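Here the structure is laid out as structure tokens; the discussion comes afterwards.
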Amino acid sequence: MARRSPTLFPAQRRQLAALGERLRLARKRRRLSTVQMAERAHVSRDTFARVEKGDPAVSFGIYLRVLRVLGLDADLDLIAGDDVLGRKLQDMALDRAPGRKG
């Protein structure tokens, strides 16, 4: 049975492709071959090649392992780190709280 790639908007596809390119450049700056990276991330060379292409069908866990090998896994803490929209929505709800005088 063939794998189906998740349906993504074009902007999301571009983001994944850009991530793959950044990972490829990070690997090259560290002078690691694709074989070395695949071995260190415990994935096949084909799967690693898909990561560098930004394939949305590759699991997030594999992207995490690649980031770890490159020493970039701390960057994940920046994702959704400051939920600006959520805080604004929460503040709006607090302003409209029932029984509040003001």
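The values are calculated or read from the model by the stated rules, or taken from the named source; none is laboratory data. What you see is a predicted model, and the numbers here were worked out from it, not measured in a lab. Reconstructed Cβ throughout: ideal geometry from the backbone, glycine too, with neighbour counts over all protein chains shown.
May I ask you to verify whether Ala17 is in a helix (DSSP H, G or I), of a type outside the set (D, E, K, R), out of contact with any Pro (no Cβ under 6 Å at 6 or more places or on another chain) and in contact (Cβ under 8 Å) with a residue 24 or more places away in the chain? So Ala17 passes the test. The residue list Ala49, Ala80, Ala74 contains one member that is within 18 Å of the chain's Cα centre (by Cα) and not in a helix (DSSP H, G or I), which is Ala80.
Go through the stretch 29-38 residue by residue and tally those that are surrounded by 12 or more Cβ atoms within 10 Å (Cβ to Cβ) and either part of a helix (DSSP H, G or I) or at pLDDT below 95 (or both).
The qualifying residues number 4.
Of the listed requirements (1) within 22 Å of Arg4 (Cβ to Cβ); (2) touching a residue at least 40 places away in the same chain (Cβ under 8 Å), Ser59 misses just one: (2).
Filter the stretch 52-71 for residues that are in contact with a helix residue (DSSP H, G or I) (Cβ under 9 Å, 6 or more places away or on another chain) and either part of a helix (DSSP H, G or I) or among the aliphatic types (A, V, I, L, M) (or both) and give the result.
Glu52, Ala57, Val58, Ile62, Tyr63, Leu64, Arg65, Val66, Leu67, Arg68, Val69, Leu70, listed by residue number.
Give me the pairs, please: first residue somewhere in the stretch 43-54 and closer than 15 Å to Ala18 by Cβ, second residue anywhere and of a type in the set (Phe, Trp, Tyr) and outside any loop (DSSP other than H, G, I, E, B), beta-carbon distance under 7 Å, and either six or more positions apart or on two chains. Sorted first by the residue in the stretch 43-54, then by its partner, the pairs are Val51/Tyr63.
Of the residues making up the stretch 4-25, those that are over 12 Å from Val58 (Cβ atoms) and surrounded by fewer than 12 Cβ atoms within 10 Å (Cβ to Cβ) number 7.
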